[in-house]
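Written out below as structure tokens is the structure these notes cover.
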Ligand SMILES: [Ca+2]
């Protein structure tokens, strides 16, 4: 009795209308009572898929966070080698403390005085303003770079270092990334391109 009742309850839960087959005894003759439980099952399957699709859309939502402004840096001229992305607003006050070539928890290198190319185009995200400094702690000579700039060879960038034989290659020791929209951030640095 218990087993029958349990199976009846389970059947009712899974297939609404299922119990009508036995109670009314018209299962073979009335196509509508055959269709009812099937329709219920199909409805549940469709509802399940709808929930799964809705869930995937919710979990996929962070992909639209790609609109965050960011600056990008490369270790080698020509946008090659190790790459570093930094979203706005963000900063690195001491690149010596930022690990590079990391494997698990070990970083044999760091980002101090190794950056040879940079971009403020956002690389698929929004553009950014960028301040670069030759010393840690946002110290020393510096440059504020406009949004949308791509500098593939920092050996050619001497803005802010004129009257010396120096360039910005392997010189950056700290930087600040600002949102690309709006006006130039308040900065003591000279601008690039102007
Ligand atoms: Ca430096």
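Every read-out reported here was derived from the displayed coordinates using simple, explicitly stated rules and does not represent laboratory data. Here the structure is a predicted model, which is why all the values come from computation and not from measurement. Cβ atoms come from the backbone with ideal geometry, glycine included; neighbour counts cover every protein chain shown.
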Review point. PRE reach from residue 85 (point 7 Å along Cα→Cβ): which of the range 103-132 fall under 14 Å by backbone N?
Key: 119-128
**Study point:** Sites residue 102 and residue 68 - FRET efficiency at Förster radius 25 Å, r taken between beta-carbons, to 0.05
**Key:** 0.65
Exercise for review: Mind giving me the FRET efficiency for residue 181 and residue 159? R0 is 30 Å, r the Cβ-Cβ distance, nearest 0.05 is fine.
Suggested key: 0.85
**Study point:** Relative packing of peptides 138-148, 158-168, 110-120 - highest average C-beta neighbours within 10 Å first
**Key:** 110-120, 138-148, 158-168
